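Below is one structure, written out as structure tokens, with a few remarks after it.
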Amino acid sequence: MGQFPLTLSRFITQSQATHPGGTGEFSSLLAQIGLVGKLIAQDLRRAGLISILGTTGEINVQGEPVKKLDEIANEIFLKVFRHGGLVCALASEEMEKPVLLPENWPQAKYLLLFDPLDGSSNTDCNMPLGAIFSVVMAPRKDRMPTEDDLVRKGTEQVAAGYLLYGSSTMLVYTVGQGAHGFTLEPEIGEYLLSHEQLHIPARGKVYGVNEGNYHKWATGTKKYVDYLKFQDKATGRPYSGRYSGCLVADVHRILLGGGLYLYPGEMDRPDGKLRLLYEANPLAWVVEQAGGRASTGTMRILDVEAKNLHQRVPLIIGSANDVRDAEKFIQGICEP
Ligand code: AHM
Ligand code: MG
């Protein structure tokens with residue numbers, strides 16, 4: 001008989017034994033992320049049948065139309081963590097202000113930042129979606145955290161990862177000891193270890209970027225993407241273009257097979273579209289833990305000073321050598 005697959009909770013408990021400072025609370029927190037994933041996946045599976053597609057008519061803090069599923073996913077995160085008792089403040093891409101949970105304080109040590117539904121434009125066409133999370137510690141024991149306490153550098157994260165709702169539901173996370181992937185086994189409702197110690201190839205053959213924005217990019221970005229399309233067998237070009245409209249799905253593909261994803265700065269939007277705290281920081285940590293690289297084009301994402309909750313940042317993420325090449329073009333060090 002083959003080896004019995006490891007469940008998420010068992011894997012976390014085993015890893016904790018080798019992790020100084022590891023606590024049972026921490027595994028409960030990841031289990032709660034897993035629960036969020038099951039609840040959202042359940043709604044997504046039936047979305048076309050139960051009138052939860054389309055928009056609510058509201059515009060969110062990012063200036064984007066709110067999808068019904070954005071709101072539902074956000075509510076699920078809030079409910080699970082409000083009652084879970086481990087988190088005393090939450091911030092979401094969908095909410096202008098954080099939700100503070102004094103009822104969970106002082107026993108709750110963690111603060112959670114999340115993008116409840118990544119790739120919202122995919123909701124109505126049955127394409128992949130995701131959720132992204134980042135956990136930091138409450139900085140002080142003598143008072144309730146404030147909004148400023150959530151605005152932290154990527155290097156301060158203690159856990160980060162994503163849920164991917166694709167042909168299967170996956171949870172990928174890191175606590176700084178590598179990045180690991182679990183697949184939800186729907187028959188038994190458990191996440192089982194399917195991708196232990198992910199390792200991203202140093203170079204790939206795939207790039208993911210919204211090329212509709214080409215005319216708005218800086219010259220270095222244009223030259224780099226042009227370069228990827230020129231044929232040169234020695235360097236494995238041309239690369240294949242793959243872009244799903246869901247950052248989580250695109251980064252997941254790259255994490256497994258190599259290459260890079262870019263959401264660069266644009267003429268009228270120099271910091272690009274993606275959010276530092278809810279998207280770039282957690283994915284950067286996962287990818288670095290898998291041996292990859294994540295950059296703004298000029299600096300490491302995890303070293304970017306966080307100034308406010310909804311701050312945006314250009315993101316270039318993936319195989320270390322591909323991201324380094326992109327940085328050289330963007331910085332004007334390299335010409336094709
Ligand atoms: P969202 O979290 O509001 O869905 O926005 C993030 C998404 C990413 O998943 C995706 O890579 C990108 O925005 C797509 O944007 P665009 O349509 O500009 O290419
Ligand atoms: Mg998103």
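The values are calculated or read from the model by the stated rules, or taken from the named source; none is laboratory data. This one's a predicted model, so the numbers in the text were calculated from it and none came from an experiment. Cβ sites come from the backbone with ideal geometry, for glycine too, and all protein chains shown count toward neighbours. Protein only, heavy atoms only, side chains kept; ligands, DNA and RNA dropped before computing areas. Shrake-Rupley method; radii C 1.70, N 1.55, O 1.52, S 1.80 Å.
Those residues that are over 14 Å from Leu260 (Cα atoms) and hydrophobic (A, V, I, L, M, F, W, C), I need them from the stretch 191-222; list them, please.
Leu192, Leu193, Leu198, Trp217, Ala218 - these are the residues of the stretch 191-222 that are over 14 Å from Leu260 (Cα atoms) and hydrophobic (A, V, I, L, M, F, W, C).
Quick check on the stretch 106-124: of everything there that is in contact with a Pro (Cβ under 9 Å, 6 or more places away or on another chain) and of a type outside the set (S, T, N, Q), which residue is farthest from ligand 2 (Cβ to nearest atom)?
Checked the stretch 106-124; the qualifying residue farthest from ligand 2 (Cβ to nearest atom) is Leu111.
Could you check Tyr191 against (1) outside the structural domain of Phe133 (by TED's automatic domain parsing); (2) surrounded by 17 or more Cβ atoms within 10 Å (Cβ to Cβ); (3) farther than 26 Å from Cys125 by Cβ and say which number it fails?
The one condition Tyr191 does not meet is (1).
Evaluate the following for Lys79: is it charged (D, E, K, R) and open to solvent by less than 50 Å² (accessible area, probe 1.4 Å)?
Against the criterion (charged (D, E, K, R) and open to solvent by less than 50 Å² (accessible area, probe 1.4 Å)), Lys79 does not qualify.
Scanning for something more than 16 Å from ligand 1 (Cβ to nearest atom), in the same structural domain as Arg143 (by TED's automatic domain parsing), closer than 23 Å to Gly154 by Cβ and surrounded by 15 or more Cβ atoms within 10 Å (Cβ to Cβ), does the stretch 111-119 turn up at least one residue?
Yes, the conditions are met somewhere in the stretch 111-119.
If the requirement is being outside any loop (DSSP other than H, G, I, E, B), open to solvent by 60 Å² or more (accessible area, probe 1.4 Å) and within 28 Å of Gly63 (Cα to Cα), which of these qualifies: Tyr214, Tyr243, Tyr278, Tyr261?
Result: Tyr214 is the single residue among Tyr214, Tyr243, Tyr278, Tyr261 that is outside any loop (DSSP other than H, G, I, E, B), open to solvent by 60 Å² or more (accessible area, probe 1.4 Å) and within 28 Å of Gly63 (Cα to Cα).
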